[in-house]
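S.K.: Submitted below is the structure of interest, expressed as structure tokens.
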Amino acid sequence: MLEALLISITIFVLAMFVGFEVITKVPTILHTPLMSGSNAISGIAIIGAVLVAGRLSGTLSVTLGVIAVAMATINVVGGFLVTDRMLQMFKRKEEGQ
């Protein structure tokens with residue numbers, strides 16, 4: 001059990017470093033498509049959280065699953081709102097406005 005936990009923590013830390021390096025190398029103009037991609041990944045996380053929460057039996061586990069689903073949903077909705085706002089900034093304004 002301890003070995004599996006250490007492997008999981010190691011993978012998590014390595015993923016953090018890789019994610020940081022990838023995000024810092026992305027040009028500014030590609031931030032909106034990158035945000036849209038991360039929203040899609042968050043949607044997949046919601047599906048996974050719902051599946052896991054549905055299989056759990058304890059009260060604490062179900063509560064944590066519901067919290068995970070709620071947080072992932074907030075992340076997706078917020079991401080779409082921010083992406084929409086950013087895309088509005090690129091639209092051309094009509095003359096006279």
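The values are calculated or read from the model by the stated rules, or taken from the named source; none is laboratory data. The structure presented is a predicted model; accordingly, all values stated were derived computationally and were not measured. All Cβ positions, glycine included, derive from the backbone under ideal geometry; neighbour counts span all protein chains shown. The accessibility values were calculated without ligands, DNA or RNA, using every heavy atom of the protein model including side chains. Shrake-Rupley method; radii C 1.70, N 1.55, O 1.52, S 1.80 Å.
S.K.: Give segment 47-94 a look and list any residue that's within 24 Å of T32 (Cβ to Cβ), within 15 Å of the chain's Cα centre (by Cα) and touching a residue at least 12 places away in the same chain (Cβ under 8 Å), or say none.
M.R.: Matches in segment 47-94: A72, T73, N75, V76, G79, F80, V82, T83.
S.K.: How do the helices (runs of 4 or more DSSP H) wholly within the chain filter down when requiring 3 or more residues that are open to solvent by less than 90 Å² (accessible area, probe 1.4 Å) and touching a Ser or Thr at 6+ places or on another chain (Cβ under 9 Å): which remain?
M.R.: Here the list reads 31-55, 59-90.
S.K.: Could you look through segment 20-46, keep only residues that are without any contact (Cβ under 8 Å) to a residue 12 or more places away in the chain and under 12 Å from the mean Cα position of the chain (by Cα), and pick out the one that is farthest from T73 (Cα to Cα)?
M.R.: My answer is L34.
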